[in-house]
Amino acid sequence: MDFIQISVVLVVLLLLAIPTGRYLARAFSLENTRLDRAFGGVEKVIYKWSGIRIADMTWKQYATAVLVSNITMVAIAYLLLRLQGMLPGNPSGVAAMDPLLSFNTAVSFLTNTNLQHYSGESGLSYLSQMMVIIYLMFTTPATGIAVVMAFMRGLTGQRSIGNYYVDLVRAHTRVLLPLAVVVTLLLVAQGVPQTMEPTATATTLSGAEQQIARGPVASLVSIKHLGTNGGGFFGVNSAHPFENPTPLTNVLEILSMFLIPASLPFAFGFMTKSRKQGWIIFGAMSLMFLVFLGIAYGSEINGNPALERAGLSQAVGSMEGKEVRFGIAQSALFTAVTTAATTGTVNNMHDTLTPLGGLVPLGEMMLNCVFGGDGVGTVNILMYAILAVFIAGLMVGRTPEFLGRKIEGKEMKLIAIAILAHPLIILAPTAIALASEMGTAGISNPGFHGISQVLYEFTSSAANNGSGFEGLGDNTPFWNISTGLVMLFGRYVSIIAMLAVAGSLLAKTPVPETMGTLRTDNGVFLVILIATVVIVGALTFLPVLALGPVAEWLTIR
Amino acid sequence: MILKNLRLSVVLLLICGLIYPLAMTGVAQVVMPTQASGSLIADANGKVVGSELIGQTFTDPQYFWGRISSIDNNAAGSGSNNYAPSNPALTERVQKDIAAFLAANPGVAQADIPADLLTNSGSGLDPHISPKAAAIQVQRVAKARNLDPAKVQALVAENTEGRSMGVFGEPRVNVLKLNLALDQLK
């Protein structure tokens, strides 16, 4: 039954992803389409209110617009968090957030990470949940979608890389808002609250008083997944029965967070006018994903050997930190998807995963291109595709070309910067944290697992994922500042480098395809692409994985 | 440029951060008021006794017990101790709970205790236990209430939910609903 329920979800996802990919390619087309008639009216109003003129941009203008708009958004978010105690929409009387935690939170939601060093129930007013969290949950995936569209326009040699503001607005009007409305209502039907009433008080059957936190939950949970955001309304995120009350909501949330990352390779296929190209990219990501999913499921269903020895039967698998309604299958699938799509929402506690089960989310975030977050994941895999073309081209003595454009020194330098930045901002801070009192003070589990906790926090920040080994005591100045910086570098270094690559490729004259061209739309290239990703990832991260999860596994198996 | 970005940010802020969640609240409250307010359950006098979706702590032998909750099912917050599988504190807690459970439920073999009953849920608020975890408590509950165990077992069966659409998730028993049904037997 476990195999069937996992397969059904993945097949439904594939059936949804292909038409969505076609839709995305059309929705962001530089040409006029019929969609303009449906959405153009609303969009024109937004352009008018904002004073935006629509004109093609150069990559530098595009990148500048990304940065300036993002700085504006983070400033608004920071101010609202600092002032939430005085603002309306605060029925439970939450106080202002302190400066460092506000910095971490604003940056976290700006970078699509959604790492949470606060707990939603007690740390945010309803107004902040809406005007900081929900707001950024729309704008940051919209930024990601805009960037990937610009990047793909560059790779496929279109008229220009487009206009950032148009892409940003279209991501809202044509993709995220309509989907969010539908998903919100489906969630409420299953029991996710959507109310402005304050915390409820109940008298339990045993006669005790029980406080029950609630709020406008559904409208946040829907965009949390659709936008691969991941920050929960409540502290325990989608493990909370109010965020994820039934197996059906679990499936809906999995599909929501995987839909856009899974459909973008198909959108790329439509844009290159070579569907096969899209399938090769999708295939490479899917194969890596299935291996990770298999390890996660196998490890969790085997249970915790330490508890078996303590006398608790592990016949149903490792249930510490998991919910009965999901069991092992829906938990393992959720874990594999949330770290593949770098959403970071969790329906079980990753800190309590078995050692090899915990290695899966770590590994997916380290590779950072097994689907990846809205937009940026596709940018990352395409970046690896260019690297693969370059390496393979040099090995067989062919000029490296990707989609009819020569890959030269300038592109490779930019790609090398982006690829090297990721391990650097994970491993260097991890080493500093493990060597210092400030870093080790937060560790809550003894032994090798403590290393995993620190490693996970920085990996999650760098991959803009946002899940955590939540035992870590992370609301301290050290963690708020260090992860804040890692999240910023993790997001913007690759975005700017890849926009530069897109601009550079767009400026080149296309070279005709000849016998000597290395084809990028066949099985051979799929293997080369996976090998490139895995070798780069393994060389960088295996040593530290051996110190954390692997060592822990050896101690309890 | 900065002014333009500020204007766009504010427009999007109003649409996404205010109009969208408030409109959703309005629609949800009109169309599905019970779910939208947290699926609260009231007794005959209209007093709220809990939420169908949120677990409660039961220690009395005449009630079915739910899963371990380090936060004592206080839904003002949520969470667990986040014990790593290798953490000795986890093993200790489980061993202590096994001993306590066996003492309160004579006749139950240790190997028959399913893992879900003595592990901490992720949320600390899990309202469910597995059907097996309910079955091994039937004798105790029946004895404490002077009921026929078959009658209690039937009530457990009535309150067992299957997999969603026959495929998704796991079969489960809602502990609060089961205990409410028990109280109504009298």
Task: Options B:Asp148, B:Asp183: the member that is more than 8 Å from every other protein chain (Cβ to nearest Cβ), among the charged types (D, E, K, R) and exposed (fewer than 15 other Cβ atoms within 10 Å of the Cβ) - done: B:Asp148
Open item on the list: Given (1) at the interface with another protein chain (Cβ under 7 Å from one of its Cβ atoms); (2) more than 25 Å from the chain's Cα centre (by Cα), identify the lone condition not met by B:Leu40.
Closed with: (2)
TODO: Could you check how many residues of the stretch A:19-58 are open to solvent by 50 Å² or more (accessible area, probe 1.4 Å), in a helix (DSSP H, G or I) and closer than 20 Å to A:Ala267 by Cβ?
DONE: 5
Open item on the list: Test of understanding: among A:Val536, A:Val524, A:Val511, A:Val544, which residue is among the hydrophobic types (A, V, I, L, M, F, W, C) and closer than 24 Å to A:Val148 by Cβ?
Closed with: A:Val536
Open item on the list: within 14 Å of chain B (Cβ to nearest Cβ) and either surrounded by 17 or more Cβ atoms within 10 Å (Cβ to Cβ) or closer than 30 Å to A:Pro477 by Cβ (or both): which single residue out of A:Ile71, A:Ile4 fits that description?
Closed with: A:Ile71
Task: Pairs, first assigned by TED's automatic domain parsing to the domain that holds B:Gly77 and among the acidic types (Asp, Glu) in the stretch B:118-145, second buried (at least 24 other Cβ atoms within 10 Å of the Cβ) and at pLDDT 95 or above, C-beta under 8 Å, six or more apart - done: B:Asp126/A:Pro241; B:Asp126/A:Glu323; B:Asp126/A:Val324; B:Asp126/A:Arg325; B:Asp126/B:Gly55; B:Asp126/B:Gly66; B:Asp126/B:Arg67
Open item on the list: Please verify whether B:Val108 is at pLDDT 95 or above, under 30 Å from A:Leu87 (Cα atoms) and either more than 7 Å from every other protein chain (Cβ to nearest Cβ) or open to solvent by 20 Å² or more (accessible area, probe 1.4 Å) (or both), treating the condition exactly as stated.
Closed with: no
Task: Positions within the stretch A:96-117 being in contact (Cβ under 8 Å) with a residue 60 or more places away in the chain and polar (S, T, N, Q), in sequence order - done: A:Asn104, A:Ser108, A:Thr111, A:Asn112, A:Thr113, A:Asn114, A:Gln116
Open item on the list: For the stretch B:47-69, check the following and say yes or no: at least one residue is assigned by TED's automatic domain parsing to the domain that holds B:Val152, surrounded by fewer than 15 Cβ atoms within 10 Å (Cβ to Cβ) and either modelled with pLDDT under 95 or of a type in the set (S, T, N, Q) (or both).
Closed with: yes
Open item on the list: Being of a type in the set (A, V, I, L, M, F, W, C) and more than 27 Å from the chain's Cα centre (by Cα) is true for just one of A:Ile391, A:Ile381. Which residue is that?
Closed with: A:Ile391
Task: The lone exception for B:Tyr83 - which of (1) at pLDDT 95 or above; (2) in contact with a His (Cβ under 6 Å, 6 or more places away or on another chain) it fails - done: (2)
- [ ] Identify the single condition in (1) more than 9 Å from chain A (Cβ to nearest Cβ); (2) among the hydrophobic types (A, V, I, L, M, F, W, C); (3) under 19 Å from A:Asn244 (Cα atoms) that B:Ala154 does not satisfy, given that it satisfies every other one.
- [x] (3)
Open item on the list: Looking for something surrounded by fewer than 24 Cβ atoms within 10 Å (Cβ to Cβ), outside any helix (DSSP H, G or I), at the interface with another protein chain (Cβ under 8 Å from one of its Cβ atoms) and touching a Gly at 6+ places or on another chain (Cβ under 8 Å) - is there at least one such residue anywhere in the stretch A:319-336?
Closed with: no
- [ ] Note down all Cβ pairs under 9 Å where the first residue falls in the stretch A:72-95 and is part of a loop (DSSP other than H, G, I, E, B), the second is among the hydrophobic types (A, V, I, L, M, F, W, C) and open to solvent by 40 Å² or more (accessible area, probe 1.4 Å), and they're at least six residues apart or on different chains.
- [x] A:Gln84/A:Ala95; A:Gln84/A:Ala96; A:Gly85/A:Ala95; A:Gly85/A:Ala96; A:Met86/A:Ala96; A:Gly89/A:Met196; A:Pro91/A:Met196
Task: Members of the stretch A:472-528 that are among the β-branched types (Val, Ile, Thr), more than 13 Å from A:Lys406 (Cα to Cα) and open to solvent by less than 30 Å² (accessible area, probe 1.4 Å) - done: A:Thr483, A:Val486, A:Ile495, A:Thr520
TODO: Return the residue satisfying two criteria in turn: it lies in the stretch B:1-14 and is at pLDDT 95 or above and more than 7 Å from every other protein chain (Cβ to nearest Cβ), and of such residues it is nearest to A:Met196 (Cα to Cα).
DONE: B:Leu14
Open item on the list: Can you pull out every residue in the stretch A:235-281 that is farther than 27 Å from A:Ser219 by Cα and not in a helix (DSSP H, G or I)?
Closed with: A:Lys273, A:Ser274
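The values are calculated or read from the model by the stated rules, or taken from the named source; none is laboratory data. Just so you know, these numbers come straight off a predicted model, no measurement behind them. Neighbour counts run over all protein chains shown; Cβ positions are idealised from the backbone, glycine included. Remember, those area values only see protein heavy atoms, side chains included, never the ligands or the DNA or RNA. Shrake-Rupley method; radii C 1.70, N 1.55, O 1.52, S 1.80 Å.
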